[in-house]
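Notes follow once the structure below has been shown.
FYI, it's all coordinate maths here, none of it is from the lab. Here the structure is a predicted model, which means the values were calculated and not measured. Every residue, glycine among them, receives a Cβ derived from its backbone with ideal geometry; neighbour counts consider all protein chains shown.
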Amino acid sequence: MFKKEKPRIRVFSLADLAQQLVGGFLLSGPFVVTEEVWALANNLHWYQSLLATLIVFSIGYGALYEADVDREQKDEAEWMGIPLRFLSLIFVSYASVTLLILIFGATVTFGATLFTAVKVVSIVSLFSVIGAATADSLF
């Protein structure tokens with residue numbers, strides 16, 4: 001008699017990706033060119049970078065699906081069981097920082113090794129994911 005309504009799958013669009021990109025670049029830019037971040041990364045241990053990466057994933061998931069009461073993970077389009085919006089958020093968070101490091105030639109400017117640059121990515125992605133998730137949620 002009463003038909004149970006199927007959940008509506010939210011399509012992840014190019015506009016959503018653009019919002020994440022703006023937020024990710026906006027908050028990561030200033031940190032990529034800050035000498036203190038490079039000095040911090042130079043002294044960071046690998047396990048601290050790994051911990052920062054876990055925090056990025058936690059912040060990203062929490063901002064998308066826990067803080068936003070209107071968004072449910074089960075209603076999102078998925079790839080291999082992982083919401084496309086979350087995958088995009090994580091990709092944007094790390095790619096925006098990496099791209100800025102390459103564009104600005106930051107490794108040469110700060111005399112850093114590739115390993116230090118990877119640690120900078122792990123640090124600055126903390127800020128990038130906040131910007132990307134905020135922009136995605138607000139707009």
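Quick check for you: which residues of region 95-139 have the amide N under 13 Å from the point 7 Å beyond the Cα of TRP46 toward its beta carbon? Those under the cut-off are 115-116, 119.
If we count other beta carbons within 10 Å of each Cβ, what is the order of GLU35, GLU76, fewest first?
Placing the least packed residue first, the sequence is GLU35, GLU76.
Entry note: the chain has Rg to Rh equal to 1.08, where both radii use alpha-carbon atoms and Rh is the Kirkwood radius.
Across region 96-113, rounded Karplus estimates of 3J(HN,Hα) from the backbone phi angles (6.51 cos²θ - 1.76 cosθ + 1.60, θ = phi - 60°) give 5, 5, 4, 5, 5, 4, 5, 4, 7, x, 5, 5, 6, 4, 9, x, 9, 8 Hz, Gly and Pro being marked x. To test your reading of the geometry: what angle, between 0 and 90 degrees and rounded to tens, separates the Cα axis of helix 14-32 from the longest principal axis of the chain? Helix 14-32 sits at roughly 30 degrees to that axis. With a Förster radius of 25 Å applied to the beta-carbon distance between VAL118 and ILE82, the computed FRET efficiency rounds to 0.60.
A helix-only calculation puts the chain at -22000 deg cm²/dmol for mean residue ellipticity at 222 nm, using -39500 (n - 2.57) for each DSSP H run of at least four residues, averaged over all residues.
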